[in-house]
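Coordinate-derived values only; no laboratory data. None of the values given here were measured: they were computed from a predicted structure. Positions of Cβ are backbone-derived with ideal geometry, glycine not excepted, and every protein chain shown enters the neighbour counts.
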Amino acid sequence: MIKESEALNEFRNIRKDLPEYLKKINKPVMGYFETYVPEEIIYAAGMHPLRISPNDRQIAIGGSKIESFACSVSINFLDQLLNGTLSFLKGVIFSRYCDSLRAIADIWQENAGDSFYHFIPYPTISTKESINFLSDELKKLADHISDYFNIKIDEEMLTEAIRISNKKRLTVLKFYDLIKKEKIVISSADFFSIISLATIMDSIEYTQKLEQLMKQTELTGNRPIENSIKVAISGIMLESTQFFEIVDKTGMRMVTDDLMFGSRAFKELVIKTKEGPCHAISKRYLNKIPCSTKGNIDLRIDELIKDCKEAGVKGVIFYLVTFCDSEECEFPILRKRLQAEGIPVIGLEGGYRVNSEGQFLTRLEAFAEQIGEEL
Amino acid sequence: MRLQATGNLKKLISGYYDDLKKSAESGRPIAWVNVGIPCEIFYAMDIFPFYTENYGAMLGARKEAVKYSKFAEADGISKHTCSYLRSTYGSLISQEGPLGKLPEPTVLVETSNSCVTVLSWWRLIEKATHASCFLFDSPMVEYESTGSHLTYQISETKRMIRFLEAETGKKFDLSRLKKVVRISNEGKRLWRQTMELRTNHPSPLTGADLFTHMFPMVALRGTKQYLEHLKMLYRETKERIDLGEYPVAKEKHRFLWDNLPIWHDLRLFDELAKKGINFVTDTYTQAWGDKFMGEVALDNPIKGLAYYTGGGFLNVHIKKRFSVLLDIIDRYDVDGVVFHADRSCKSYSLIQVQLADQLRQKGIPSVIIEADHNDTRDYNRENIIARIETLAEMGEK
Ligand code: SF4
Ligand code: SF4
């Protein structure tokens, strides 16, 4: 069994009570919803970049402000924006990530009053021209923040922000690697908590805690959790601790992932270019392993298969948020490719939180049994 | 009295699909494209542009969308995704449809200027056809494409031309493009003038009329037959006014329709017309109007086409959508707005509650009805009619 580390407990507690953690951040907080908004620019402005995640509350006001066929994650986001949950934010930055979030951006623009709002017109492809275009847009974002908050953002600050984000990315990737190599053995729920916090917590604090955790667990010489079946979890916006706990209950253990805020968010680093920091940032974000909303399926699937093989995964759990068109279309392709590689996959569909634990549990138990036998 | 142009439209549509087949037989390149792509470039390069949305709308109008969607659903595609995507993809993989097996594409060309869903649609088509694919990248704009955005759209247009040249062997010739654009411009002018005639009281056209006649605007811009058709449509619409012959003579309510029509039930408009409710304007056909697809300067047609690709109707933000709504409500003397919350089109629909709220603040009544432009399942016609009638009654009070 894993020896509980202090850092692990801290991660767990933060995840359990996010509002409490956010209250303690002593910097102005800027919110965003997906991992294409560059945290570096926000950080360089002396602000805290916060990736907003769906909360556990039942949707109320948001549901009456948008059609019912928007995905529940986006409705939850709208709810949080409209009901005051996010009133501590100094502003919100959007990009066209998907058709639902694009609508949330528009609706919020009309309701945001005087608070800071910015929409990044995001390219979908990576070419010299698109990188230049986004680079200009990122400069506009930096200028907008500077003007609005009367803050100076210069090259030096951007370079420092890049260094901090890169360091965090490298640390996270090392963590993934240690898990793959079973130097660290950790439950799916803990793995999720740690990873999801990388884009929520302060980057420096996060990196330090993660380094601390890795040292401690490396030293304890963990053994694999007995009989656990190694799986990968794929999807886009699956942010329910409960879901990962269910996976653990079935005797499966996530050892790698393909979630929007998971491995895909860390794999590329910002590499210096002669055109300056915004250009370097632009290049990184347009070259990272794409989400299904970016239309380049094969890169994502190739990467997932590579990770599965490296981690010795026995199966993939794909979680689909109902009404998420991009994932709904991508899943059949992904399933075929994984099956062709001999990797079993199960597709589950639901909302932003788990409403029917029993149903998921039964299906996941059956899946665990199936892939367990194939061991 | 029936518009002769409606009879001509049938000829146009069957001619278009005949051309598709002939192109396949003769080896003329065929590009599968989506609506945001400027067809003028394709006609100028002698490449046949096959508009998948048009094909989808045809399946919808024939009430066959569900039949083909089921093939897509059996392949794992969720019922929640766009019904254009499902029905056309289902027809493609089943090799069935009104045209039989669809001719193979030489190339695929998509643009991100209408929705994110289209990217998934094209991935599915790409996997099924193995044709090489070009994505015309078009980030969103607030109101229109200017500055670095326009520069980017121009470079995307040029990149697309290079791709087409490389993949089809066809050469691009600017003087040919200018000729096509000249015809396209003339047709756009006629389209705008025809739309303007709807400001007349009563309107010379019903909602269904203009939706039906969109086809050449989408798929044939720049061709001879397109221009002839639009001339005919304009002439006949004008004649109706001159002769005082109106489709809804006792026009009690002048409504606006927001979003795609319900292709499988265009008769809904006739049904409502019987009650004196006419849809005198809509936002969908305006997407081919001068605010979103106006005439293009002949001295630099690439720049002009790039400008409209970048500022397409679904590529702008809510402030422009709202200002267009207000403008046409005013110009067409609209007394009620029907928002069709189209389950298939999140890109179009998901801001309608907000738009309706903003209209309410200006004292403009509206109603939101839910349906799907192609999928007939879960369609509740009675409920929709009742809700639109309630909107009409509100106005009477
Ligand atoms: S779950 Fe899908 S549709 Fe919903 S916000 Fe995320 S990407 Fe968009
Ligand atoms: S989602 Fe809407 S814009 Fe996109 S392809 Fe479907 S109907 Fe067209």
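Please compute the Kirkwood hydrodynamic radius of region A:241-323 from all pairs of different C-alpha atoms, in Å with one decimal.
It works out to 14.8 Å.
By a straight-distance test (C-alpha under 21 Å), which lysines pair with B:K21 as possible cross-link partners, with residues fewer than eight away in the same chain excluded?
Within the straight-line limit of under 21 Å, B:K21 reaches these lysines: B:K10, B:K11, B:K101, B:K170, B:K224.
Need one number: the % of Cα-Cα pairs in region A:38-145 sitting beyond the 19 Å mark.
Every Cα pair in region A:38-145 considered, those over 19 Å come to 49 percent.
Quick one: P(r) of region A:122-217 from all Cα-Cα pairs, 5 Å bins, percents rounded to integers, in order of increasing distance.
3, 11, 16, 16, 15, 13, 11, 9, 5, 1
Evaluate the distance, in nm, between pseudo-label points positioned 7 Å from the Cα of A:A112 and of B:E144 along their respective Cα→Cβ axes.
Spacing of the two 7 Å Cα→Cβ label points: 2.4 nm.
Given 0.36 nm per residue, what is the gain on full extension from A:K183 to A:R163 after removing their alpha carbon distance, in nm?
Additional length available on full extension: 4.5 nm.
Can you list the lysines whose alpha carbon is less than 18 Å from that of A:K152, not counting same-chain residues fewer than 8 positions off?
A:K27, A:K90, A:K139, A:K140
Taking square-rooted eigenvalues a ≥ b ≥ c of the alpha carbon gyration tensor, is the protein assembly as shown rounded, prolate or oblate, where a/c under 1.5 means rounded and, failing that, a/b exceeding b/c means prolate?
prolate
What FRET efficiency do you get for A:D154 and A:I204 if R0 is 22 Å and r is their Cβ-Cβ distance, rounded to the nearest 0.05?
About 0.65, to the nearest 0.05.
Per the helix-only calculation at 222 nm, which mean residue ellipticity applies to chain A, given -39500 (n - 2.57) for every DSSP H run of n ≥ 4 and division by its residues, nearest 500 deg cm²/dmol?
Computed mean residue ellipticity for chain A: -16500 deg cm²/dmol.
When the gyration tensor of region B:136-242 is built from Cα positions, what are the square roots of 5 times its three eigenvalues, in whole Å, from largest to smallest?
For region B:136-242, the ellipsoid semi-axes come out as 33, 19, 11 Å.
When all C-alpha to C-alpha distances in region B:65-133 are sorted into bins of 10 Å, what percent of pairs does each bin hold, rounded to whole numbers?
Each 10 Å bin holds this share of Cα pairs: 22, 54, 25.
Can you list the residues, at least 5 places off or on another chain, whose amide H is less than 5 Å from the amide H of B:V116, using H built in the peptide plane?
Residues meeting the criterion, in which the H sits 1.01 Å from N, are A:D99.
Using 16 Å as the cut-off for backbone N distance, which residues of region B:113-147 belong to the label zone defined by a point 7 Å from the Cα of B:A297 along Cα→Cβ?
B:145-147
Can you grab the distance from the C-alpha centre of region B:199-256 to the C-alpha centre of region B:324-396, Å, no decimals?
22 Å
Express in whole angstrom the spacing between the alpha-carbon centres of region A:6-57 and region A:66-116.
What the calculation gives is 17 Å, centre to centre.
Angle check, please: helix A:72-82 long axis (alpha carbons) against the longest principal axis of chain A (alpha carbons), in degrees 0 to 90, nearest 10.
Tilt of helix A:72-82: around 40 degrees.
What is the distance in Å between the Cα centroid of region B:1-26 and that of region A:134-177?
55 Å
Using a simple spin-label model with points 7 Å from Cα along the Cα→Cβ vector, what separation in nm is obtained for A:A366 and B:D173?
With each label placed 7 Å out from Cα toward Cβ, I get 6.3 nm.
Using the Kirkwood radius over Cα pairs, work out the Stokes-Einstein diffusion coefficient for region B:51-179 at 20 °C and 1.002 mPa s, in µm²/s as a whole number.
The estimated diffusion coefficient comes to 132 µm²/s.
Rg and Dmax of chain A, using alpha carbons, in Å: what are they?
Cα radius of gyration and Dmax of chain A are 20.0, 62 Å respectively.
State the volume of the convex hull built on the alpha-carbon positions of region B:247-397, expressed per residue in Å³ and rounded to an integer.
With only Cα atoms used, region B:247-397 gives 124 Å³ per residue.
Full-extension gain between A:R57 and A:S146, please, as 0.36 nm times their residue separation minus the C-alpha to C-alpha distance.
Difference between extended and current length: 28.6 nm.
If one takes the longest principal axis of the Cα atoms in chain A, at what angle in degrees, from 0 to 90 and to the nearest 10, does the Cα axis of helix A:128-149 lie?
With both axes taken from Cα atoms, the answer is about 60 degrees.
List the residues, sorted by chain then number, that are 5 or more residues from B:D282 or on another chain and whose placed amide H is less than 5 Å from its amide H.
Here B:W257 satisfy the definition.
Can you compute the label reach from A:I25? Point 7 Å from Cα along the Cβ direction, backbone N cut-off under 19 Å, restricted to region A:176-198.
Answer for this model: A:193-198.
Skipping prolines and chain starts, which residues have an amide H placed within reach, meaning under 5 Å, of the one on B:Y51, given they are 5 or more residues away or on another chain?
Amide H to amide H, under 5 Å and 5 or more residues apart or across chains, B:Y51 pairs with B:V33.
When the Karplus curve 6.51 cos²θ - 1.76 cosθ + 1.60 is applied with θ = phi - 60°, which whole-Hz ³J(HN,Hα) does each residue of region A:332-341 get, with x for Gly and Pro?
For region A:332-341, the Karplus curve yields x, 5, 4, 4, 4, 5, 5, 4, 4, 8 Hz.
Taking the Cα atoms only, what angle lies between the long axis of helix A:277-287 and the longest principal axis of chain A, rounded to 10 degrees?
Taking the Cα atoms of chain A, the angle to A:277-287 is about 40 degrees.
Given R₀ = 25 Å, what would the calculated FRET efficiency be for A:E357 paired with A:L299, taking r from the Cβ atoms and rounding to 0.05?
0.15
With each pseudo-label sitting 7 Å past Cα toward Cβ, what's the A:N9-A:T273 distance in nm, one decimal?
4.7 nm
If you place +1 on the Cβ of every Lys and Arg and -1 on the Cβ of every Asp and Glu, how big does the dipole about the Cα centre of the protein assembly as shown come out, in debye to the nearest 20?
The calculation lands at about 1160 debye.
Given 0.36 nm per residue, what is the gain on full extension from B:D18 to B:E228 after removing their alpha carbon distance, in nm?
Taking B:D18 through B:E228 to full extension adds about 73.8 nm, to one decimal.
Could you sort out which of A:K167/A:K209; A:K294/B:K346; B:K188/B:K303; A:K24/A:K288 sit more than 20 Å apart by Cα distance in this structure?
A:K24/A:K288, as the Cα separations exceed 20 Å there.
Can you divide the C-alpha Rg of region B:197-263 by 2.2 N^0.38 Å and report the result to two decimal places?
1.21
Suppose R0 equals 60 Å; then what is the FRET efficiency for B:K11 and A:D17 from their Cβ-Cβ distance, rounded to the nearest 0.05?
Result of the calculation: an efficiency of 0.30.
Could you work out the Rg to Rh ratio of chain B, with Rh taken as the Kirkwood radius (inverse of the mean 1/r over all Cα pairs)?
0.95
Any idea which of A:L361, A:A280, A:I346 is furthest toward the positive side of the dipole for region A:239-375, if Lys and Arg beta-carbons carry +1 and Asp and Glu beta-carbons -1?
Ranked along the dipole, the leading option is A:A280.
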